[in-house]
Every structure is written in C-alpha cells, then in structure tokens.
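The values are calculated or read from the model by the stated rules, or taken from the named source; none is laboratory data. This structure is a prediction, so every number in the text was calculated from the model and none was measured. Note that we place each Cβ from the backbone using ideal geometry, even for glycine, and neighbour counts take in every protein chain shown. Just so you know, the surface numbers come from the protein's heavy atoms only, side chains and all, with ligands and any DNA or RNA stripped out. Shrake-Rupley method; radii C 1.70, N 1.55, O 1.52, S 1.80 Å.
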Amino acid sequence: MFTGCGTALVTPFRRDFSLDEETLRFLVRRQLSAGIDFLVPCGTTGESPTLSHDEKCRVVEITLEESSGRVPVVAGAGGNHTAEIIASARELESLGADAILSVTPYYNKPTQEGLYQHFRAIAGSVRIPIVLYNVPGRTGVNLEPATVARLAEIENIVALKEASGNISQMSQILQIVPPNFAVLSGDDAITLPLASLGGVGVISVVSNEIPAEMTCLVRDALRRNFIRARATHRKFLPLMEINFVESNPGPVKAAMAMMGLLEPVWRLPLVGPSEHNLARIRTVLESVALTESAHAAIAC
C-alpha cells in the first residue's frame, strides 16, 4: 500500500475561498490517469489547518469517490490534541479511508515518551494502518529513530513519512525498523537518495505538478534503474526546490495556476508568493516545459 509515489494533494479553492469540489475531482482524476500509486488528501500541502471539519470530510469523500478503490487513500488526521485526532481518525475510517497520515504534535513539544503514547493511542483507536509523519521544521519536535522503532512494533503503525531532511537519521531508522515497515521520503529532492538506502517511495508535493514523471522516478529507483531515475531527478530538481521558495503550498499552487490546473487562491494566514518569486516559478516551469500549453505527461 505504501510503496511508490503518493501525492500530498493540494486543496483547490474558488475565488470566494470556498472549496472547489469540481476542480478537486479534476485533480484527482488527473493523478489517477498519470498512474499515481496512492493519494494523500488533507495533509499540510492540502492546507488542512484552515479546513473546517466538514470540509476535511468532504475532501476525503471526493477523493474516495473519484479513486473508487483504484489506489489507496491515506487521509490526513494530525494535530496536537490527541483525543480530537482519535475522533477524526475514527470518522475517516468510517468514511472508507484506507489509512491515516498523522503528523507529530506541534507547539506542545512533547517528549519522546509523549510522542510514543500519542501515536499508540491513535493506533489503538482504529483498525486501519497509521503512517507517522515527522517534519520537525514545521512542528518543532523530532521523532527520533528509537521512538520510530518502538512505534513500529505496534501492528497497525506501518510506515513513516520522513521529512527531517536528515539523511543520517533516515539511515538509522532503516537500520532498526522491521523490514516490512515502510520508510517514505517527505521531501521530493531526497526521494532518490533515500531509495538507495532502502526507502520505498515518497509522499510528494511536486507530483501535484508532475504526477507521471515523479511516479516514474520512484519506480525506476525501486527497480534500481538509477541512471534513468537520476536523469529525471536532475531535470526536475529545480521544480522540487522552487516549490519551497516560500511556505508550502504557496509556490506549488502558484505553479499549478500557471499550468491552468486551478485558481491561485490560498486561505489566510497563507498568501501567494511574492511577485519576485512568481517570476522565478514561471522561469522554472518554462525550463521544464510545464506551462499551460506545453506540458505533456510521460509514461514509464
């Protein structure tokens, strides 16, 4: 279920800031047509902190309806209030989500024991698999390798999205978790090096823009076709990097708007990129033929 490329879906909004359900359906269908391996709605890239409870459920429902069992749907349910996350996870399970992605609690700054107990409680509340999400740059807390190894002993904690940016830490995790525990990159630019260490894929931002190409990169890496995987990585590395020139998902949604995929709308406190960075984003898109009129997906 957690091998390959999964897209951390953006959430499209209309000009009045309401949920754009029609565009969301289009984006999910585009992902499926490109051969994506799994879908991840309502994560950070989906602006989950500014979605209401009902909107989160609706985004997951639409993703499930459009995917119709063709790929797994890993729904985001994270935060810093354990009881609320448990309630959310149970509801997402009842909607039909195949798994839950849960980020480490932010602001509270729990200890490693607190993190263990937090995720243990969530896992014990549902039957579906749990994917841990470590992104200390956003949360202020790091899920350390020893804690990941403890959590991997829990039957339905089956994977980790690792976005620490620390290759040494990722290598340590891979050394001590069971072979069937999936370690996924949380950074597009680290997908290829992590695969060489034993990682099995990525939960990707750039696949919002290039789902077919990023899926091919991962598949090539997992097949040990590193020559072709490196070529794809090098071609799209500028896009992976420009997506984080400002806070995600600001740049990726701006790029997608330039590609004609959605309206350039964010909910406060997020705003669109500066004019200077918009120009940089457009330059990168043009360099890899991703303008609205030029893009044609590849097959692998």
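Figures for the structure shown
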quantity: Dimensionless Rg over Rh [the range 164-259; C-alpha; Kirkwood]; calculated: 0.99
quantity: Kirkwood Rh in Å, taken over the chain so that all alpha-carbon pairs contribute; calculated: 19.1 Å
quantity: Cβ-defined net charge surrounding Thr44, 11 Å radius [Lys, Arg +1; Asp, Glu -1]; calculated: +1
quantity: Accessible-area composition of the range 5-77, carbon plus sulfur, in percent [1.4 Å probe]; calculated: 48 percent
quantity: The range 111-199 - percent of accessible surface contributed by carbon and sulfur, probe 1.4 Å; calculated: 48 percent
quantity: Of all DSSP beta bridges in the chain, antiparallel share, percent nearest 5; calculated: 5 percent
quantity: Residue-normalised accessible area of the chain, given per residue in Å² at a 1.4 Å probe; calculated: 42 Å²
quantity: Net lengthening on full extension, Glu113/Ile176 (0.36 nm per residue, minus Cα-Cα); calculated: 20.9 nm
quantity: Helix-only CD estimate at 222 nm, as mean residue ellipticity for the chain, using -39500 (n - 2.57) per DSSP H run (n ≥ 4); calculated: -13500 deg cm²/dmol
quantity: Global form of the range 1-44, assessed from the alpha-carbon gyration tensor, a/c cut-off 1.5; calculated: oblate
quantity: Sum of side-chain charges, Thr7 neighbourhood, beta-carbon under 14 Å (Lys, Arg +1; Asp, Glu -1); calculated: 0
quantity: Rounded to the nearest 10 Å², the accessible area of Val284 at probe 1.4 Å; calculated: 20 Å²
quantity: Sequence-separation-based contact order of the range 208-300, relative, with Cα cut under 8 Å and 6+ spacing, percent; calculated: 32 percent
